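Before any comments, here is the structure.
The values are calculated or read from the model by the stated rules, or taken from the named source; none is laboratory data. Treat the numbers as computed from the prediction; the structure is a model and nothing was measured. Counting neighbours? That spans all protein chains shown, and the Cβs are built from the backbone with ideal geometry, glycine included. To get the accessible areas, we keep the full protein, side chains included, count just its heavy atoms, and leave off ligands, DNA and RNA. Shrake-Rupley method; radii C 1.70, N 1.55, O 1.52, S 1.80 Å.
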Amino acid sequence: MATLSEKPGQRFTVPDWHTSSHLISADAERQRSASHRVRQEARALRNETNNQTKWDEHDNQTRLAERISSVNRWKETLDKCLADIDTEIDALAKVKEAAERALQAKNLPLDVSIECLTLRESRRAIDVVRDPVEEELHKEVKVIEKAKRELQQRVNEAFEELCLLEEARQQLSCDHQRKMEALEIDRVCLSLNVNSPNISFKVNPTRVPDRTTALGEWEQNSQSTKDQAEAEMKASTALREATVLTIGQTNNNLEAQRVATEFALRKRIQELERAYDELKWQEQNTLEEIAEMEEDIRRLEEDLRRKTKDLKVAHTRLETRTYRPGMERCRDQVQYGLTDEVHQLEGTIRALKLKLAESQDALAALYRQLHRIQTDIGYKANSLMLDNKCMDSRRKLVVPAEKFVSEVDTFNRTTNRPLSPLKNGQLELA
């Protein structure tokens, strides 16, 4: 009969089999419990992260909307400021043009006054009389030139203020343009969602870009730009009012100054004579001071030469005493005295040299001042000659200045042309 063969290998007992079944069941229970715990934690994490993500996205959507609203408010403020500054630029430009027209209009009365003065230079003999018309014409020239200077100053100020307004407008425009670009970018960011086609991972997106500013700095920059523009508009408004007032005042003064002037040519000559005498007195005193200074410099140089010789003597004595033999070469009272004498003489020489240089500088300054005095004496002598000549030529009233207005076309006018030396001299006498 065939026999049942036994398979090789370990044989387990029934209790081992039951134990293994229990272990497998226990491990399954433990794994299911662990899996359940993980599943619950995962669900909680999913819920938590989903809620956190939604809230974060909602908060950032709200922040973006608020930021867009804030930037948009500033943009509207800058829009209004730009409109205001454009209006102010136009207004100031018109006032500047009015001032320029008023300045140009002053050339006609100035040319008429100069023509009258030129015509009156041709008078001879008994007609060479100094009359109120002559004084009126000179005063009128001064009034017109003052009015032209004031108007030119206003024109220059208006030009400078226009440049400042344009600069402020440029800053406003740049800030406005930047805010427009920022609004566009933030609106694009607000419109993005998970289904947007142009979203992707970026390299180091949380970095802080260069030249990033704080929110306070952003506010301060916009406020500063607005304040600067408003300050320039305020200054421009004040300048416009002052310019309009100047135009009115110069026109009124030009009409009011067509009367006889209170300044007399003889008073001017007396002033020039007094100035001439004063300068001659100053010249004489300066010459005397120069002579005394030159003498003092000569004495200083003599003293300096004597002190130099005395120093040589002291040096020679000290050097000679160094050859005393043996123990005789001691530091005695003579040695100390000679040493003190050398130091004293060296200090004296330094002081004399310093004072000599100071005296020479003072002498040079005196010579320069003398040259200035003598030059001014020449100027005053020339002015006296011109004024005395004018005194001989101004003797009669010809025609009131107002009647020359109708004859302006016969005069060859050139704007701001230079006067001849004689005409300049006469104008200065008024």
Net charge (Lys, Arg +1; Asp, Glu -1) of residues whose beta-carbon lies under 12 Å from that of Lys80, Lys80 excluded, is -2
From highest to lowest solvent-accessible area (probe 1.4 Å; ligands, DNA and RNA excluded), Leu151, Leu354, Leu304 read Leu354, Leu304, Leu151
Projected convex hull area of region 272-369, Cα atoms, direction-averaged, in nm², equals 7.3 nm²
The equivalent-ellipsoid semi-axes of region 132-246, taken as the square roots of five times the Cα gyration tensor eigenvalues and listed largest first in whole Å, are 58, 12, 11
Lys and Arg at +1, Asp and Glu at -1: neighbours of Leu338 with Cβ under 15 Å from its Cβ sum to 0
Per residue convex hull volume, Cα only, region 171-225, in Å³ is 112 Å³
Here the convex hull volume per residue of region 287-334, taken over Cα atoms and given in Å³, is 54 Å³
Compactness summary of region 1-103: radius of gyration and Dmax from Cα atoms, Å, are 43.2, 149
